[in-house]
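Taking it in order: structure first as structure tokens, then the write-up.
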Amino acid sequence: MYRGMDGMDGTDTGQGLASKWDIPFVLLGAIRVAFGDLPVWAKALVLAAVGSLGVWTAITWLRARRSRVL
């Protein structure tokens, strides 16, 4: 019996996420694999770059928010 196409290519398995923690678990696992063999200084450099980007984004967002309020 033809049920129609469930996905773009018709390969939908009908399986969903088991819990809300599946995506963070997979992302952390991928990060561990990607950065697992790097030396400590390289990990620190990547962490510093990501942290700096986060702080810069937060400051930019706060400045834009304050300028809209005033």
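The values are calculated or read from the model by the stated rules, or taken from the named source; none is laboratory data. Quick caveat: nothing in here was measured; it's all calculated off a predicted structure.
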Q) Among the residues of the range 18-38, which ones are assigned to a helix (DSSP H, G or I) and aliphatic (A, V, I, L, M)? A) 23, 26, 27, 28, 30, 31, 33, 34
Q: Count, please, the residues in the range 34-45 that happen to be of a type in the set (Val, Ile, Thr) and modelled with pLDDT under 90.
A: 0
